[in-house]
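Down below is the structure, laid out as structure tokens.
What follows is calculated from the coordinates using simple rules that are stated; it is not laboratory data. Because the structure is predicted, anything quoted here is derived from the model rather than measured. Here Cβ is always computed from backbone atoms with ideal geometry, including for glycine, and neighbour counts include all displayed protein chains.
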Amino acid sequence: MKLSGCFSSKLNEVSLKTGSSRLEVFSDNGEIGAHKSNIPAEVTGEDVNITFNWKYLLDGLKNISEDEIILQFNGNQKSAVIKPAKNGDCFYILMPIKNI
């Protein structure tokens, strides 16, 4: 996530897109370049393409000490939930950046 943040624009945005068995992380800055990485994932439901501030996304991820997490999307422009896969005692709500 930090690497994608290096290629983000001034709004610190990073886009997440789900696929059949992956989560694609993408950022683009016209002055520096672009970065895209694929993370293996178990994906269920409809595909999502959503943009977040990478700093807020990283805040939620770094506070989970487990190796596996659940990243639950509620649609392309709605909030997401980050929580540990095994211990559901805590969760982190993340609001997207609206694409106009």
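Computed on the chain, with alpha-carbon pairs under 8 angstrom and 6+ residues apart, the relative contact order is 22 percent. The phi-based Karplus calculation (6.51 cos²θ - 1.76 cosθ + 1.60; θ = phi - 60°) puts the 3J(HN,Hα) values of the range 36-49 at 9, 9, 10, 10, x, 8, 8, 10, 10, x, 6, 5, 10, 10 Hz, whole numbers, x for Gly and Pro.
List the GluC sites (Glu not before Pro) within the range 23-99 that fall in a DSSP loop (any state other than H, G, I, E or B) and whose Cβ has at most 13 other Cβ atoms within 10 Å.
Values: sites: GLU24, GLU31, GLU42, GLU46, GLU66, GLU68; in loops: GLU31, GLU42, GLU46, GLU66, GLU68.
Passing sites in the range 23-99 are GLU31, GLU42, GLU46, GLU66, GLU68.
The calculated pair-distance distribution of the range 2-94 uses every alpha carbon pair, bins of 10 angstrom beginning at 0, and gives 16, 48, 31, 4, 0 percent. Derived scalar couplings between HN and Hα for the range 24-34 equal 9, 10, 9, 9, 8, 9, x, 8, 9, x, 9 Hz in order, rounded to whole Hz, by the Karplus curve 6.51 cos²θ - 1.76 cosθ + 1.60 (θ = phi - 60°), x for Gly and Pro.
Only lysine pairs 8 or more places apart, or on different chains, with alpha-carbon atoms under 13 angstrom apart are counted in the chain, and they number 7.
Computed over the range 60-100, the alpha-carbon pair-distance distribution with 5 angstrom bins reads 6, 24, 31, 18, 12, 6, 2, 0, each value a whole percent.
The residues packed around CYS90, meaning those with a beta-carbon under 15 Å from its beta-carbon, carry a net charge of -1 if Lys and Arg are +1 and Asp and Glu are -1.
Which order do the peptides 49-55, 15-21 come out in when sorted by mean C-beta neighbours inside 10 angstrom, highest first?
Details: 49-55: 18.6, 15-21: 15.3.
Answer by packing, highest mean first, reads 49-55, 15-21.
Considering helices alone, the calculated mean residue ellipticity of the chain at 222 nm is -3500 deg cm²/dmol, with DSSP H runs of length four and up weighted by -39500 (n - 2.57) and normalised per residue.
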